[in-house]
Amino acid sequence: MGYGRDHEKEAGGSGTGARRRIGIAHGCGLALLSAAGVPGQAGLGSSCGPHVTVDLRGSPGSVSWRLPEPGPATDATPCVVLADRAGCAEFAVLQDTLHHLGVPSVRVDAESVAALRLSATLAAPARAHRPTEDRPAVDRSAVDRPTTDGAPAGSGGVAGGRPCAVLDLDGRRIAPTVVWARHFSPRAMPASASAAQTLLRAESWHAVVRQLCSLAPASLPGNRPGRLEQLEGAAAAGIRVPRTIVTTDPAGAAAAMPGRRVVVKVVGEHFVETSPGLLTGVLPEIAARAEVLRRPALDYPVIVQEHVEHDAELRVYHVAGAVHAYAVGKRAPDSPWREAAEVTVTPVAAPPAVADAVRGLASLWGLTYGAFDLLLSAGEVVFLEVNTDGDWRWFEAKAGGRPVSTAVALAIRTLHLTALGSAGPPSPPELVDFLLLGTRTLGSGR
């Protein structure tokens, strides 16, 4: 979940490679780094071993435009808006592919967004009691109805199928049709001399991007359910989940768990950003139950789960109704970070029960995109979690092929055209695969 291990990253959206600094900091267990870069309070456990740090400091900011030649000053270009981190290559590749498919886009990152000059004008809403000539009534039966390429006919803040805001970004006028925000965290924005000004600036930009997702005709990934909401929703849907206790007392929770091993993980994000660009991984661990029974109480809650014996572990991507699955072989939950070369990723056909579970949960949570982590235990599907910001290019690189990249590009194109009121003929997947040739094969995370 989050960022990758020593992979190529995009610098300024220009395609020039830079290297992300990934450190293995030795110390005790999952100890966090303080802002000064020294060991701080102990983390989830007391077992000694390295933890993972990701250093994105020094990544140049970027605003990447892929727009047609500017028209008259009064015209706003319908445009896809991609918001993420400067060091993430996922959107850089997506933006290039969209450009070749004829879809205009702008990509902004959290590191440099404060330098943008922004003016936003909301479209006047149509009267509720009758449609107008320029804003047709919304056919609710069309919302989330799959098209021929698997993308829904509409999602997010639909307003008559048309863009409902006009943005002036650094003097260029655009009308967002699709907005996708990934890793767009206010903690990533550089600090100023005033702590209050830093927080105000970061929260204001984050609020604008978040609300643009709600106002745009379509937005991704959709809702962002937390881990506890995910587990409750999956269980209510009849899908098996591990027995789970949220607690500040790991020892007490472990005592209530069956088996010789338990899983300990954080309630929130797997990475904490102690200062802009410096992230520390607080990764899940599988620990001996007897060892967790000796751990002291914490001053923050964690998740303690039973360890489910299983026949296969799956990473399954849901993209606008399409499902793409990979079987993952690894020694431990943090292996993709510590020993990436030892991890195996194999494309597989999603069993019907897996596909049904993923599509059902995506519908339940209103997700257009999500990276699901599942187990197969004696043929039964076990839900672990879904990462709404989950990267896909690392898995594609390990397995070969570009099915998720293709599905994402086709879905965004369809959503963009639908917002304009013209779905148009779908681009064949083979064309998108061709356009992806020569792009970076390594993604930015797990």
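The values are calculated or read from the model by the stated rules, or taken from the named source; none is laboratory data. If you're wondering where the values come from, they're calculated on a predicted model, not measured in any experiment. Note that each Cβ is placed from the backbone with ideal geometry, even for glycine, and that neighbours are counted across all protein chains shown. Please note that ligands, DNA and RNA were not included when accessible areas were found on the heavy atoms of the full protein model with its side chains. Shrake-Rupley method; radii C 1.70, N 1.55, O 1.52, S 1.80 Å.
When you look at residue 313, is it closer than 23 Å to residue 231 by Cβ and in a loop (DSSP other than H, G, I, E, B), yes or no? Spelling it out, it is not the case that residue 313 is closer than 23 Å to residue 231 by Cβ and in a loop (DSSP other than H, G, I, E, B). For segment 277-305, a residue qualifies if it is under 30 Å from residue 184 (Cβ atoms) and in a loop (DSSP other than H, G, I, E, B), and the qualifying residues are 277, 282, 283, 284, 298, 299, 300, 301.
Within segment 39-79, the set of residues being more than 27 Å from the chain's Cα centre (by Cα), modelled with pLDDT of 60 or more and of a type in the set (Ser, Thr, Tyr) comprises just one member, 74.
Has segment 315-322 got any residue that is over 17 Å from the mean Cα position of the chain (by Cα) and in contact (Cβ under 8 Å) with a residue 12 or more places away in the chain? Walk me through how you get there before you give the answer.
Residues of segment 315-322 that are over 17 Å from the mean Cα position of the chain (by Cα), as a first pass: none.
No, segment 315-322 contains no residue that is over 17 Å from the mean Cα position of the chain (by Cα) and in contact (Cβ under 8 Å) with a residue 12 or more places away in the chain.
Residues in segment 334-382 that are touching a strand residue (DSSP E or B) at 6+ places or on another chain (Cβ under 7 Å), within 19 Å of residue 234 (Cα to Cα) and of a type outside the set (A, V, I, L, M, F, W, C): 7 in all.
Yes/no matrix, rows are residues, columns are (1) polar (S, T, N, Q); (2) modelled with pLDDT of 90 or more:
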| site | (1), (2) |
| --- | --- |
| 159 | no, no |
| 165 | no, no |
| 181 | no, yes |
| 188 | no, no |
| 200 | no, yes |
| 207 | no, yes |
| 211 | yes, yes |
| 234 | no, yes |
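All conditions but one from (1) within 30 Å of residue 56 (Cβ to Cβ); (2) part of a strand (DSSP E or B) apply to residue 262; the one that does not is (1). Being at pLDDT below 50 and part of a helix (DSSP H, G or I) is a property that does not hold for residue 155. Within segment 121-139, if we keep just the residues that are small (Gly, Ala, Ser) and either open to solvent by 60 Å² or more (accessible area, probe 1.4 Å) or at pLDDT 90 or above (or both), the residue that is nearest to residue 421 (Cα to Cα) turns out to be 137. With a requirement of 1 or more residues that are modelled with pLDDT of 95 or more and open to solvent by 60 Å² or more (accessible area, probe 1.4 Å), the strands (runs of 3 or more DSSP E) lying completely within segment 341-430 that satisfy it span 344-348, 380-387.
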